[in-house]
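Shown next, in C-alpha cells, is the structure this report addresses.
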Amino acid sequence: MPIDPERLLHWPIPEVRQDLTWRDTILYAVSVGIGHNPLDEASLAFLDERRLAALPSMAVVLGYPGFWLGDPATGVDAVRLVHGEQSVALHRPLPVGGSILGQSRVTRLLDRGEGKGAILYWERLILGEDGTRYATLTGSTFLRGDGGFSTGDPRWGGETPKPHPEPDRAPDRHLDLTTRPEQALLYRLNGDYNPLHMDPGFARRAGFDRPILHGLCTFGVVCHALVRDLCGGDPGRFGEMAVRFSSPVFPGETIRTEIWDEEGGAAFRARVAERDKVVVSNGRFRFGP
C-alpha cells in the first residue's frame, strides 16, 4: 500500500528532552570505538570525566526521537530503510552534561518511482534548555520499499542535491580505525534500537547475511578520524561534516578514512580495509569559526 506523503511530510515527531550526563558522553565515545588502545593518551580527552570533551558527532544521538519510522502508522516499509546522508554543523562545542532539547521535522519527500524507492529528508536542531543552539543536523533516509506514491504529482519530484565532489587524485593521507565485533551492541545503547543491527533474522529479511553496523556509528568513527587528523584532537576546531552512506559496515571491520586537504577544510571518504569497499563517499569537512 503506498505511503501517504502529506501525512508523512507533516508527521508530528515529538520534541525530545534529554538529561545528558558525563557517563552518556563517555558511552558515546566508547560506542564509536574510542579507547581500543589503552596507551593512546589522546583518546582520554573523550573518556576521562575530569577533563571531558564531547566528540562532535555525538550530536546525532542528542535529542534523538527514536525509530519513529518503525511506527506502522507511517505506512513505511520499516524493514527496508537505509540511512542515505548525514550532516552535523556545530554552532558551539557540545556540552558533556545538562538538559538538551531535540526538535525534529521532515523537510522533503522525493519519489523515485515504482520499484525505485523514495527519499525522506529531515532536520534536527539540538538546543540547550535555555534555547542555546548547539548543532543543526540534516539527513536523508532511503525508503527502498516505498516508491511510486506520487502518481505524477510534481510536489514529490525533483532532483537530489548534488554531492560534494571527490578530488580526481590519490588521497593526501588516510587513517585506519578498527571496530569491535560487538560494536553495534554498544552503539545501540545510545538509543537506536533498530533490530537490523542486532537481530540476525531481521537482518536477513532486510537482505543482509548478518547484522550491520549503524550508519551513524560509522559516521562517529569517521568523525573521530577527522578530529584526530585535521583538528589535532581538538573538537573545538570542528565546524561541519557531511557524508553519503554508500555501503554497510559489518562490526569488526576496519574503517579507513581517506582525506584530501581543501581550503577551509577537507574532502574525505571511507572504505572497509578488509574488503576494499567504499562505505562513506563525497564527504565534506569544514573547520569552525
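So the values come out like this:
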{"quantity": "Only one of D176, D130 that is assigned to a loop (DSSP other than H, G, I, E, B) and over 19 Å from N282 (Cβ atoms)", "calculated": "D130"}
{"quantity": "Single match in L230, L186, L177, L216 (criterion: under 24 Å from T25 (Cα atoms), touching a Leu at 6+ places or on another chain (Cβ under 9 Å) and not small (G, A, S))", "calculated": "L186"}
{"quantity": "Qualifying residue in the stretch 209-220 (condition: in contact with a strand residue (DSSP E or B) (Cβ under 7 Å, 6 or more places away or on another chain), of a type in the set (S, T, N, Q), under 24 Å from G84 (Cβ atoms) and outside any loop (DSSP other than H, G, I, E, B))", "calculated": "yes"}
{"quantity": "Failed condition for V79, given (1) part of a strand (DSSP E or B); (2) modelled with pLDDT under 90", "calculated": "(1)"}
{"quantity": "Filter result for V30 (modelled with pLDDT of 95 or more, hydrophobic (A, V, I, L, M, F, W, C) and under 30 Å from F208 (Cα atoms))", "calculated": "yes"}
{"quantity": "Residue identified as part of a loop (DSSP other than H, G, I, E, B), exposed (fewer than 15 other Cβ atoms within 10 Å of the Cβ) and more than 23 Å from the chain's Cα centre (by Cα) among G148, G152", "calculated": "G152"}
{"quantity": "Test set (1) under 15 Å from the mean Cα position of the chain (by Cα); (2) closer than 14 Å to P235 by Cα; (3) assigned to a loop (DSSP other than H, G, I, E, B); (4) not aromatic (F, W, Y) - G63 fails condition number", "calculated": "(2)"}
{"quantity": "Check on L27, outside any loop (DSSP other than H, G, I, E, B) and within 30 Å of G115 (Cα to Cα)", "calculated": "no"}
{"quantity": "Within the stretch 86-111, tally of residues that are at pLDDT below 95, of a type outside the set (A, V, I, L, M) and crowded, with 19+ Cβ neighbours inside 10 Å", "calculated": "1"}
{"quantity": "Conditions (1) over 25 Å from F287 (Cα atoms); (2) surrounded by fewer than 17 Cβ atoms within 10 Å (Cβ to Cβ); number of the one not met by G117", "calculated": "(2)"}
{"quantity": "Sole exception among (1) part of a loop (DSSP other than H, G, I, E, B); (2) within 18 Å of the chain's Cα centre (by Cα); (3) at pLDDT below 95 for L196, by number", "calculated": "(1)"}
{"quantity": "Number of positions in the stretch 16-55 that are more than 19 Å from the chain's Cα centre (by Cα), over 23 Å from R124 (Cβ atoms) and surrounded by 13 or more Cβ atoms within 10 Å (Cβ to Cβ)", "calculated": "7"}
{"quantity": "Qualifying strands (runs of 3 or more DSSP E) (wholly inside the stretch 227-289; at least 3 residues being among the basic types (K, R) and out of contact with any Phe, Trp or Tyr (no Cβ under 6 Å at 6 or more places or on another chain))", "calculated": "277-287"}
{"quantity": "When residues of the stretch 111-144 are limited to those that are closer than 14 Å to I3 by Cβ and hydrophobic (A, V, I, L, M, F, W, C), the one farthest from the chain's Cα centre (by Cα)", "calculated": "A118"}
{"quantity": "Evaluation of V278 against (1) buried (at least 21 other Cβ atoms within 10 Å of the Cβ); (2) modelled with pLDDT of 95 or more; (3) farther than 26 Å from L44 by Cα (one fails), failing number", "calculated": "(1)"}
{"quantity": "Residue match in the stretch 133-141 (condition: of a type in the set (A, V, I, L, M, F, W, C) and either without any contact (Cβ under 8 Å) to a residue 40 or more places away in the chain or farther than 30 Å from G33 by Cβ (or both))", "calculated": "no"}
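Quick grid of which residues meet (1) in contact with a Lys or Arg (Cβ under 7 Å, 6 or more places away or on another chain); (2) closer than 23 Å to T141 by Cβ; (3) aliphatic (A, V, I, L, M):
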| residue | (1), (2), (3) |
| --- | --- |
| G220 | no, yes, no |
| G233 | no, no, no |
| G236 | no, no, no |
| G239 | yes, no, no |
| R244 | no, yes, no |
| F268 | no, yes, no |
| F287 | yes, no, no |
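The values are calculated or read from the model by the stated rules, or taken from the named source; none is laboratory data. Since this is a predicted model, take the numbers as computed values, not measurements. FYI the Cβ positions are ideal-geometry reconstructions off the backbone, even for glycines, and counts take in every protein chain you see.
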